[in-house]
Amino acid sequence: MLTVSSESASDEVYTNFVFVAGHNNITWSWEVMTWSWYVICELVIAILGIIGNVLVITVVFGRRSKSRSTDILVGNLAIADFLTSILLVPHPKVKYITNSWMGALYCKVLEGEYLMWTTITVSIYILVAVSLDRFFAVVYPIHFKRFASRRLVNIIVCFIWAGSCVSMVRILLSNTTEVIMGKCVYQALPRNQEILYGIYYFIVQFALPTVLMLVTQISIVRSLRREAARFTSKESTASFHNIARSRALNLTLTVVLIYVICWAPDQIAYFTFNMGLTPSFVRSPFARVVIALTICNSCVNPILYTLRHPQFREAVKDFVRNKSKRYKPIFEDVELPYLSKTSHQSIDKA
């Protein structure tokens with residue numbers, strides 16, 4: 001969902017997109033910041049996201065591991081979440097803007113939050129790419145090793161960025177600068193187009209990613225269970241497979257649960273708003289609560305997709321000691337079923 005200030009399904013104008021009559025020769029001016037609970041919450045989330053994602057970026061790209069698709073994806077996920085966190089840092093709202101190309105650009109890109117929701121969309125679909133990466137590595141390991149090159153992963157990341165920019169283009173088309181009033185003005189779409197956009201946005205931003213992550217992660221768990229059944233005659237190997245299966249299952253439940261908790265309330269509420277069922281949603285306190293919950297995902301992602309991995313914790317220690325093994329990959333969990341017996345035993349002890 002777009003924030004209260006940038007999206008609406010009616011002819012009303014919300015928050016900073018308002019009408020102020022009788023202002024000519026307007027220059028840039030700013031509102032005084034009010035430190036409400038929501039602004040403080042944004043600041044805390046932004047700081048946590050910046051610190052956590054900088055750590056991930058530094059450690060992952062510091063390793064410079066060779067052709068490790070998961071490392072590349074997790075690193076780009078951290079970049080997207082880092083940019084989101086930067087854009088979440090509270091700042092004074094614009095009071096009046098000039099009737100210029102800079103004013104129009106401000107309304108479209110910053111006031112309309114085009115950049116922020118583009119980076120959020122990138123983050124969501126890189127999460128999907130991580131799930132697909134692990135799915136193919138576990139379920140189709142031979143094909144994965146043959147086709148999962150650094151070049152292919154970089155192409156996929158570029159495609160995700162380009163697709164996310166296009167998916168949020170409506171913000172650029174609907175937010176304009178009022179020539180006389182010196183305000184950002186939201187141009188509402190016709191009612192039938194708002195409904196279609198609401199359905200499209202719900203599918204692209206929530207339903208489709210959720211289904212893809214669920215299907216791929218459940219398939220991973222089923223594949224690990226089949227692998228475990230094949231080695232029940234050897235205690236150490238069976239024990240390893242039980243650990244691998246348990247880790248995959250826990251990761252699946254954590255990823256899906258956190259993603260759904262963060263996004264479901266906002267997406268469902270915004271969907272009902274676009275359908276005309278909850279017209280007062282965008283100006284309600286509940287809207288602020290669900291938006292705050294949504295943006296939490298930008299600082300939770302580094303924990304879910306990196307800190308749960310023992311290899312990452314070891315990489316952080318190596319980084320602090322300046323003993324980073326630059327060509328050793330960090331995220332190897334998807335290949336654990338194919339490690340040697342010695343590796344199995346070491347994992348059992350962990």
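Where a number appears in this text, it was derived from the coordinates with a stated rule and is not lab data. What you see is a predicted model, and the numbers here were worked out from it, not measured in a lab. Heads up, the Cβs are rebuilt from the backbone with ideal geometry, glycines too, and the neighbour counts pull from every protein chain shown.
Subtract the Cα-Cα distance of residue 140 and residue 86 from 0.36 nm times their separation in residues, and report this length gain in nm to one decimal. Before the final figure, lay out the partial values.
Working: separation 54, 0.36 × 54 = 19.44 nm, distance 3.78 nm.
Net length gain for the segment: 15.7 nm.
If only the Cβ of Lys and Arg carry +1 and only the Cβ of Asp and Glu carry -1, the dipole of the stretch 102-162 around its Cα centre is close to 460 debye.
Need the full-extension length gain, residue 31 to residue 110, defined as separation in residues times 0.36 nm minus the C-alpha distance. One decimal, nm.
Details: separation 79, 0.36 × 79 = 28.44 nm, distance 1.54 nm.
That works out to 26.9 nm of additional length.
Each of residue 260 and residue 38 was given a label point 7 Å from its Cα along the Cα-to-Cβ line. The distance between the two points is 2.8 nm.
Sort 184-191, 140-147 by packing, meaning the average of other beta carbons within 10 Å per residue, with the highest value first. Mind dumping the intermediate values first?
Numbers: 184-191: 16.2, 140-147: 12.4.
Averaged packing, sorted descending, gives the order 184-191, 140-147.
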